[in-house]
1. Scanning region 335-365 for residues that are of a type outside the set (D, E, K, R) and under 23 Å from the mean Cα position of the chain (by Cα), which turns out nearest to Asn262 (Cα to Cα)?
2. Among the candidates Gly447, Gly420, single out the residue that is in contact (Cβ under 8 Å) with a residue 40 or more places away in the chain, surrounded by fewer than 15 Cβ atoms within 10 Å (Cβ to Cβ) and assigned by TED's automatic domain parsing to the domain that holds Leu296.
3. Only residues that are surrounded by 18 or more Cβ atoms within 10 Å (Cβ to Cβ) and either closer than 18 Å to Glu201 by Cα or free of Cβ contacts under 8 Å to residues at least 24 places away in the same chain (or both): list them for region 64-75, please.
4. Go through region 424-444 and report how many residues are in contact (Cβ under 8 Å) with a residue 12 or more places away in the chain, of a type outside the set (A, V, I, L, M), in contact with a strand residue (DSSP E or B) (Cβ under 8 Å, 6 or more places away or on another chain) and within 22 Å of Asp271 (Cα to Cα).
5. Could you run through region 129-158 and say how many residues are within 21 Å of the chain's Cα centre (by Cα) and closer than 17 Å to Asp227 by Cα?
6. Is it fair to say Asn35 is without any contact (Cβ under 8 Å) to a residue 60 or more places away in the chain, in the same structural domain as Thr187 (by TED's automatic domain parsing) and surrounded by 15 or more Cβ atoms within 10 Å (Cβ to Cβ)?
7. On the basis of being farther than 30 Å from Phe366 by Cβ and assigned by TED's automatic domain parsing to the domain that holds Ala471, does Ile78 make the cut?
8. Can you name every residue in region 458-490 that is aliphatic (A, V, I, L, M) and within 16 Å of the chain's Cα centre (by Cα)?
Amino acid sequence: MNQNTKTFIASDKWQGKVLFSDWEPANGGKIDVTNPATGQAIASVGFGIAADITRAAREARLAQRSWAKEAPETRAKILHTTTDLLEANAEELIPWIMKESGSTRIKAGIEIEHGAAFIRHAASLATQPMTIELPELDGRPNYAKRIPHGVVGVISPFNFPLVLSVRAIAPALALGNAVVHKPDPRTPISGGIIIARIFEEAGLPKGLLHVIPGGASAGEALCTSPDIAMISFTGSANAGARVGELCGKHLKKVQLELGGKNTLIILDDADVAVAASNAAWGAFLHQGQICMATGLVLAHESIAGEITKTLATKAQNLPVGDPMSDQVALGPIISDGQVKTIQDIVHDAINKGARLLTGGKPTDRFYPATVLAGITPDMRAFHEEIFGPVACIASFESDEQAIDLANRSQYGLAAGVISGSRDRALKVGEQLNVGHLHINDQTVNAGPFAPFGGRGKSGNGTRIGGPADIAEFTQWLWVSLKDEATAYPF
């Protein structure tokens, strides 16, 4: 296929279909994919139900056997080609991400860039040493090697649909597994079809990657299928708890990357303008619909007023609207229900004494950048993940109090600390109960070389990315060797 033409997505191949070994209709029929900014349908995809997952898992298990025996260099080569295709077709793919997920062009470009980096990193995993020698046992040699699980089920969310899908799919495939992937049905193109197409064109053997958009029944089928050995899930804490429950019941390995109520601590020696810029980016990027979004800004009482005023000014100057216009900083919220959730939390804070400095009044699915000051622990905005463009500001008197306030959260994903002294910021940060810590930076950070995951309601202690991928997507096999069998006393 000519990569210079704008036909790579090849919608005639997949409209109204799902990917088994080939593109076919699903038992659940098909659904329209709508643009959250306009409400207009942009395409249709197949909609999978439990029967489709059962079929895909069975076919994937059969295909995986030969894939696990494939030379690591071959697997790596296919993934490198996949990366090249994603990068080469970015111009065509970015508008799909924008229209489907409500992303601005900048954010959609980040998805392509980071998605390519995750796949490239995964390719490097395929050729890593997988065997270690062990001490002799009764005079016989022993070794342990990492082997694939078999079939990995991947369930991904709507907010960063491309990145949060390939960061699991790519390492799973690189390490010899097959994959059955259920993208969020609101973003099945960015989170599924694009991925299927780049792997298809890169020459991935048929049957190794199945893409089945679907709802809760499809997700539960993934978690209960005897042909699926592991689930990699990214989504809300409530849904993750259900996934963990089902996987535990069926003795299935599960990797959970859930939500966050991420704190940005701004110490009294911080540069106010720089700190406010960090808070704005962390709170408002992609309408706050990011698990790492800055959910709580803790500012020292001596500068809290300046931080609040500066942040409110920034918020007032962020235009909201259809990202396809290329004239906005914030696009739409993904659903009407999510708009209501945001609004309920904002109203709860105001009713309990918080001050609304700007925003707080949506127009349809467009929610403006909002700043709430005077947030206290008795408010929902202090504890709950909002998943909307709302900066919640609270103040503290001492470093110790800031640590205490931050650690009251049931979540434990990310935190940032900003200070004129890196050592002081690090001293504070290392006392926070989180999985990622960013010194002199806001909370939205991720990359292919870092082990990503959280504590508490943010996950089950697993990690994805970097050195964690081999640990997550393979398991140990212990082998002991004897030249010939010998008799035992019995």
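The values are calculated or read from the model by the stated rules, or taken from the named source; none is laboratory data. Remember, predicted model here, so these are calculated numbers, not experimental data. Cβ atoms come from the backbone with ideal geometry, glycine included; neighbour counts cover every protein chain shown.
1. Ile342
2. Every option except Gly420 fails the conditions.
3. Applying the first criterion (surrounded by 18 or more Cβ atoms within 10 Å (Cβ to Cβ)) to region 64-75 yields 64, 67, 75.
Trp67, Arg75 - these are the residues of region 64-75 that are surrounded by 18 or more Cβ atoms within 10 Å (Cβ to Cβ) and either closer than 18 Å to Glu201 by Cα or free of Cβ contacts under 8 Å to residues at least 24 places away in the same chain (or both).
4. Within region 424-444, residues that are in contact (Cβ under 8 Å) with a residue 12 or more places away in the chain, of a type outside the set (A, V, I, L, M), in contact with a strand residue (DSSP E or B) (Cβ under 8 Å, 6 or more places away or on another chain) and within 22 Å of Asp271 (Cα to Cα) number 6.
5. 5
6. No: the conditions fail for Asn35.
7. So Ile78 passes the test.
8. Going through region 458-490, the residues aliphatic (A, V, I, L, M) turn out to be 464, 468, 470-471, 477, 479, 481, 485, 487.
Passing the criteria: Ile464, Ala468.
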